[in-house]
Amino acid sequence: MFKNIVFIILTISFLKTTSAQTVSPSLKEESDIYEKIYDAPLILDETQPTPLHELYNTKPLLVVLIFTRCTGVCNPFLLRLKESLQFKAKKDSFNVLVMSFDPRDSIKDMNLLARRFALEDNNQWIFAVTDSIPKLNQSISFYPVWDSIRNQYDHDALLVGVNNEGYITKKLIGMRGGHDLDLLIASVNNVFSPTYRLPNKNVLFSCFNYDPKTGKNKLGLGLLFIALPAILTVLILIVIGFSVRSKASELEESS
Amino acid sequence: MASIKLNKITSVWIISVLLLFIVSIVLGILMRLNQGEVISQSPITFYSNMTTHGLTMIGIWFVAGMAAVNYIMERYVKTSYTVNVLALVLTVIGILMFWASTFIGHFHSAWTFLYPLPFKEMGSETWATLMFLGSLTVLGIGWLIWSISLMTQILKKYSIPQALAWQHLRKNPTVETPPFILISMITLIGVIACLLAAVVLLVLFYAEYFSNGNFVNDALLMKNLTYFFGHTIANEMLYLGLAVIYELFSEVSGRPKWKTTWYVALAWNCTLVFILTAFFHHLYMDFVQPQGFQIIGQLASYFASLPAAGVTVFSIFIAVYRTRIKWSLTNLLFFIGVIGWVIGGLAAVIDSTISNNIVLHNTLWVPAHFHTYNAMGNVLFSLGFFYWFSIQFSDKTKVKKSTTLTLALLLIGGIGFLLAFYIGGAESIPRRYSIYPSELSIGASLATIGAAFASIYFIAILIFFFNISKRCLKILFSSS
Ligand code: HEM
């Protein structure tokens, strides 16, 4: 109980400092989409390393990047993720892989972290370290910077969706709400998610106008433009048809 | 009877079309060689070539059909020579501007120039987009004037219901509408509609281009208009070829002239109505488009093509089945062309069926089907006309041995080239890839095979080019 209160306080205080990270999707999220994640050998326990593909082949993955000595975003990030995922309907359709990107971390440190979050017995959550951090980081364009003054990494709160073929399907940077997580989960399961363009006052002739409140599309002025060529053709046909015929009958009458 | 002036301008059309066809085939073969990794082009070169190839092919086979229809229409109504010349001049200017935009300006957003691609420079020159839009404007104006002029000439002799052969839907019609007039009329109406769609599209492109960001287009509207224009013109140009076949097939085969019956009139009127909405099948993946549009797209694809194909195949079958007919290169090309058109059409109908499109969308199945009804369909319709036109003034009409060889090359080359596309499509190889990733290495092997067969097809076309152009040059420089 006490542990949870501490984490919640930490989370709230951190949400303020990381507000820039939490607001809107960044362009960085677009990098590496549909590229393969590096097939790193993962240390999950004391036994032989397991290649990453064995995990994603079993179930799509949400990969979380943290380090255990983090005094910053890592803990609130994990906590928020755990809470958000608890209420997801399609919980069984993916696993969560919590990866450390700090070479100082061992699998023992990660297991300790799992215990702190009461996730050590949760099969959906996998905690791992690897000796191929640079290659893995590169494959997902994740570049933590070491800050020697704070003795901490300066890094994004990155969540990477990987489908069961190892392709990166979506990335989320920052602590994001339930809807974004839904999109991430849909993408790792190769489920199509419709997206709509933002309203723009300079777009005058939309075919349909999406109303985010009702989730419905209303017919727009643009549809008229699609019908216009056919309407004009019929008009041209009728006008020419009648004008040449009336000329012809005038000629016939006069001759 | 065609005038000397009309003979001469038709000869110029034929020589120009064949010359441009040769250049475009070379570009096509280079694309297949690049996809097969036999040669290595930069992506910009590949996509500029693809854009040049696609739009030039559509353009030349459209004007080839129009020139043939214009020539034969003179049998029924007087056509305007001035408009014919104007269309030729504007087509030449338009093609030169278009080639400048691709070959010099590296414009490379494919022949469909889907919005907003033309506005993304991606390595092309800044002026290239405007030059490209300008070239389409010039071509569009020329073709629109030509189509409206031909339609006007028909309407001078036939009323609208007569031109559309509605009286044939009743018993004992008093006025007879020749099938050539019916199909030409139906096609010209469709052509005018799709060229007007191009006008609306171009106006919207220009508006955004010159508005400095104050006006932005709706991507879905632009896509609808693009395919209204692109899909429709690519289909209508086939119908121009069919109008010629309805007129000439029986004539060159020494059979009685085909007549318009109630089912011919009905089938072609179906085409008129449904062809204008069949383009919705290009928007199956656009989920914002209501489901009703998608269903219209699928049904219209069936009703626009199946009745017309049915009656044409039936007419040809009746004409050749157990009858002694005079085979010449002209009707052989028409006959093979109709088979190519039907096979390509069936492949298109398969693709336009929503449940199949989920699998075949944007795979090589798409170029497979449209190359079938173009390279082995419409091209043969026009080649048949070109040959018939060129030999009109000589008395050699028998099929020579060398002609049989040329036809064999055309068939072997064409079928092999198309099969490589079909197998690629069935293997889910995507279209419009300049090179294939290692996961799709079968795509590269198929491309090399495709290039080899396309070269055989190319040899046959070169032989046709030399034979037909030689005769057309004679017509052009003769004094009578
Ligand atoms: C032997 C002759 C031909 C060859 C070798 C050839 C080759 C090609 C190739 C390689 C492509 C690109 C395919 C892809 O998407 O990966 C292509 C596209 C295309 N071809 Fe052909 N082709 C030939 C004849 C024709 C003909 C007769 C037409 C007539 C209309 C035509 C119209 C087109 C069009 C419209 C495209 C689409 C271009 C685009 O996507 O922007 N081709 N062709």
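The values are calculated or read from the model by the stated rules, or taken from the named source; none is laboratory data. Because the structure is predicted, anything quoted here is derived from the model rather than measured. Positions of Cβ are generated from backbone atoms using ideal geometry, with glycine treated the same way; all protein chains shown enter the neighbour counts. Quick note on the areas: whole protein, heavy atoms, side chains included, nothing else; ligands and nucleic acids left out. Shrake-Rupley method; radii C 1.70, N 1.55, O 1.52, S 1.80 Å.
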Practice problem: Would you be able to say whether some residue in region A:135-155 is under 22 Å from residue A:79 (Cα atoms), open to solvent by less than 80 Å² (accessible area, probe 1.4 Å) and aromatic (Phe, Trp, Tyr)? | Solution: yes
Practice problem: Run residue B:221 past the list (1) closer than 30 Å to residue B:177 by Cβ; (2) within 12 Å of chain A (Cβ to nearest Cβ); (3) open to solvent by less than 10 Å² (accessible area, probe 1.4 Å) and report the number of the one that doesn't hold. | Solution: (1)
Quiz prompt | Residue within region B:14-24 that is within 8 Å of the ligand (Cβ to nearest atom) and outside any loop (DSSP other than H, G, I, E, B) present | solution = yes
Quiz item: Of everything in region A:209-228 that's within 7 Å of chain B (Cβ to nearest Cβ) and over 27 Å from the mean Cα position of the chain (by Cα), which residue is most open to solvent (accessible area, probe 1.4 Å)?
Solution: A:228
Quiz prompt | Residue match in region A:96-106 (condition: touching a Leu at 6+ places or on another chain (Cβ under 6 Å) and of a type in the set (Val, Ile, Thr)) | solution = yes
Quiz item: Does region B:225-244 hold any residues that are out of contact with any Cys (no Cβ under 7 Å at 6 or more places or on another chain), of a type in the set (S, T, N, Q) and open to solvent by less than 10 Å² (accessible area, probe 1.4 Å), and which are they?
Solution: B:226
Practice problem: State which residue is farthest from the chain's Cα centre (by Cα) when the search covers only region B:275-330 and only residues that are among the aliphatic types (A, V, I, L, M) and under 22 Å from residue A:197 (Cα atoms). | Solution: B:288
Quiz item: For region B:199-210, how many residues meet the condition of being farther than 16 Å from residue A:230 by Cα and more than 8 Å from every other protein chain (Cβ to nearest Cβ)?
Solution: 8
Quiz prompt | Residues satisfying the stated conditions in region B:433-448, i.e. under 27 Å from residue B:409 (Cβ atoms), touching a residue at least 24 places away in the same chain (Cβ under 8 Å) and either away from the ligand (no atom under 12 Å from the Cβ) or surrounded by fewer than 18 Cβ atoms within 10 Å (Cβ to Cβ) (or both) | solution = B:445, B:448
Practice problem: Residue by residue through region A:176-202, note down the ones that are modelled with pLDDT of 85 or more and open to solvent by less than 30 Å² (accessible area, probe 1.4 Å). | Solution: A:181, A:184, A:185, A:186, A:187, A:188
Quiz item: Yes or no: residue B:82 in contact (Cβ under 8 Å) with a residue 24 or more places away in the chain, polar (S, T, N, Q) and more than 15 Å from the ligand (Cβ to nearest atom)?
Solution: no
Quiz prompt | Members of region B:276-292 that are within 11 Å of chain A (Cβ to nearest Cβ) and closer than 20 Å to residue B:229 by Cα | solution = B:276, B:277, B:279, B:280, B:283, B:285, B:286, B:289
Practice problem: Kindly list the number of the only condition in (1) of a type outside the set (Asp, Glu); (2) crowded, with 20+ Cβ neighbours inside 10 Å; (3) within 12 Å of the ligand (Cβ to nearest atom) that fails for residue B:430. | Solution: (2)
Quiz item: Quick one: is residue B:297 free of Cβ contacts under 8 Å to residues at least 60 places away in the same chain and open to solvent by less than 20 Å² (accessible area, probe 1.4 Å)?
Solution: yes
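Yes/no per residue for (1) more than 9 Å from chain B (Cβ to nearest Cβ); (2) in a strand (DSSP E or B):
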| residue | (1), (2) |
| --- | --- |
| A:171 | yes, yes |
| A:176 | yes, no |
| A:181 | yes, no |
| A:198 | yes, no |
| A:230 | no, no |
| A:233 | no, no |
| A:238 | no, no |
Quiz item: How many of the residues making up region A:123-149 are in a loop (DSSP other than H, G, I, E, B) and either in contact with an Asp or Glu (Cβ under 7 Å, 6 or more places away or on another chain) or touching a residue at least 60 places away in the same chain (Cβ under 8 Å) (or both)?
Solution: 6
Exercise. Look through region B:106-128, keep the residues that are open to solvent by 60 Å² or more (accessible area, probe 1.4 Å) and in a helix (DSSP H, G or I), and return whichever of them is farthest from the ligand (Cβ to nearest atom).
Key: B:119
Quiz item: Looking at A:206, A:193, which one is within 14 Å of chain B (Cβ to nearest Cβ), closer than 30 Å to residue A:60 by Cα and part of a loop (DSSP other than H, G, I, E, B)?
Solution: A:193
